[in-house]
Amino acid sequence: MSIMRILLPALAAAAAAAAAAANVAAKPADKPAAYSHVIPVTVSGKEAVVQLPLPREVYLQARSSDLRDLRLFDAGGAPLPFALVDRVREDGVTRSKAPVGVFPVRAPAGASAQDGLQIRTRDDGTLVSVRAPAAGDAADVLASLILDLQPPAPAVTGGTNNANNAGTSSAGTVSRAIAALDLMPPALETSYSARVMLEASDDLQHWTPVTDAALSWLVNSQGARVQKSRIEFAPRAFRYARLSWLEGKPVEFAAITADWITELRTPAQWESLVLQATPGRSGDDLVYAAPVAIPVESVGLVFHGQNIVLPAAIGQYRALPPRQAGEARGADLQTVASATFYRLTQNGQQRESGDVEVAPTHAGQWVLRPQAKVAERLALRLRWQRETIVFVASGNGPYTLAFGRDGVQPAYLPLAQVAPGFSRGELAGLEVARAGMPVRQHAPEAASGSAASGRAVWLWALLLCGVAALGFMAWRLVRQLKDAPPGQPPA
């Protein structure tokens, strides 16, 4: 019995060791060759941290919804640290001040100076002169101020401006608005109180009230000043302004500056994929197989025919629990989007429904459930925005982006561990790596799996032989113990 107590743990340990060795042999190394697709990546070599918008092929061939099978290797096959982030946008809001062109409008006391102004401008809209029609007498008094508000210069590198204070740049669209006017009191006015009306215009013909405000200031004998000379309002875009007095004496201010808010919006860069339909599980359902890695943000239908109106629901099948034991139930539709899709030709112009926004969704299958009969099998369009890899360009290049593998753990890191201390502006300005053409590898997992399977078979064969040998030895020992005379050790 004591011999069996020794042999049984030995057999168990041998089996465990062989199983562990077989598992290790069955798992291929984490190298580019273990992935179904690779893309060469090159950089200038001048920057340590680089960005790469994920190529479209990654979303089509990755095996996981969270891109856990994404890797980046150097030329020697060593993995590189990288973070996976939403596309780095250069969106931002900046505030600045700019001087305002001021043009006093004088007219005879009691005369209206609001209509019939004689205005001269340059081709770019810059004011040259403003004159009331009845002006010209030395007794004319100040009636109002016309303000020419030009955006701060330079505006945005590579951009163009227009009269509506909007523009474009290589980075995106630029919008500008004015949020306040600062009025500098005249030097000789030590005490002042008035109420003014501010109006806005883009053409010097049509004026819209913006706000009215109280102005006041007081300067004592020591030169200390208390003043309220700032007009604030909800940010809005306009080119010209008119300042007129509701109460108090009109004065010419020493200077007027405008508070500008400039907002840069980077346009979204969309990818799209059109899927063909196959019959669904029930009724007129149409089913579409999709890559699970795509983070779908909008869906739409692609029509081939004309004059089609189709209310429909789009989603995924959801299995229903059985009502009774042993009863099978079908699949219900978990709706992600519901809309009326159409393609119409009216008055010689084509009208077509756009895509419908959905919450970011990963799904290997999409279902269209029409609410009306349709003659054609409609295609489904998926749209999404690419993510960006931020990585440390260490090791030797060129680098390799690898993807397409089952059963692996995520390798991406938090951004703070890849680009520590980088501001959003610095991230947006990172060098963009260049991605080459995707390469499909010749079933790397199958090849490595078959080799690993062969090694596993040999290991298991050796294990069985070892177990058989140990079993035979145990049987011999037990038999010798039984055959030996009492009190005499076995031979």
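Between amide H atoms placed 1.01 Å from N, distances below 5 Å from SER298 occur with VAL358, ARG383, all of them 5 or more places distant or on a separate chain. Spin-label model, ALA179/GLN118: points 7 Å from Cα along the beta carbon direction are separated by 4.1 nm. On full extension, the segment bounded by GLU426 and HIS206 gains 74.9 nm, given 0.36 nm per residue less the C-alpha separation. Along the stretch 264-272 the Karplus relation, 6.51 cos²θ - 1.76 cosθ + 1.60 evaluated at θ = phi - 60°, assigns HN-Hα couplings of 9, 10, 7, x, 5, 9, 9, 10, 9 Hz to successive residues, with x for each Gly and Pro. For LEU333, the residues whose modelled amide H falls within less than 5 Å of its own, excluding neighbours fewer than 5 places apart on the same chain, are ARG318. Computed from backbone phi with θ = phi - 60° and the Karplus coefficients 6.51, -1.76 and 1.60, the 3J(HN,Hα) list for the stretch 274-287 is 9, 10, 8, 8, 10, x, x, 7, 9, x, 9, 4, 10, 10 Hz; x is used for glycine and proline.
In this structure, the amide hydrogen of LEU80, modeled 1.01 Å from its nitrogen in the peptide plane, lies closer than 5 angstrom to those of LEU72, PHE73, ASP74, counting only residues at least 5 positions away or on a different chain.
Straight-line cross-link reach from LYS249 at under 12 Å between alpha-carbon atoms covers these aspartates and glutamates, not counting any fewer than eight positions away in the same chain: GLU189. Solvent exposure of ASP124, expressed as accessible area, is near 100 Å², computed with a probe of 1.4 Å over the protein chains only. Using R₀ = 30 Å, calculate the FRET efficiency as 1/(1 + (r/R₀)^6) where r is the Cβ-Cβ separation of ASN307 and TRP270; round to 0.05. Approximately 0.65, to the nearest 0.05. Considering only TYR317, GLN276, LEU264, and ranking their Cα positions along the charge dipole of the stretch 247-327 that arises from unit charges at the beta-carbon of Lys, Arg, Asp and Glu, the one farthest toward the positive end is TYR317.
Per residue, the convex hull around the alpha carbon atoms of the stretch 365-426 comes to 226 Å³.
Rolled with a 1.4 Å probe across the full set of protein chains, the surface gives TYR240 an accessible area near 10 Å². Accessible surface for the stretch 223-295, divided over its residues, is 49 Å² per residue with a 1.4 Å probe.
With only Cα atoms counted, the stretch 236-361 has Rg and Dmax values of 27.1, 92 Å.
Pull out the extension gain between ALA254 and GLN371, defined as 0.36 nm times the separation in residues minus the alpha carbon to alpha carbon distance; nm, one decimal.
Full-extension gain reported as 35.2 nm.
The values are calculated or read from the model by the stated rules, or taken from the named source; none is laboratory data. Just so it is clear, the structure is predicted and the values come from calculations on it, not from any experiment. When we count neighbours, we look across all protein chains shown, and the Cβ atoms used for this are built from the backbone with ideal geometry, even at glycine. Protein only, heavy atoms only, side chains kept; ligands, DNA and RNA dropped before computing areas. Shrake-Rupley method; radii C 1.70, N 1.55, O 1.52, S 1.80 Å.
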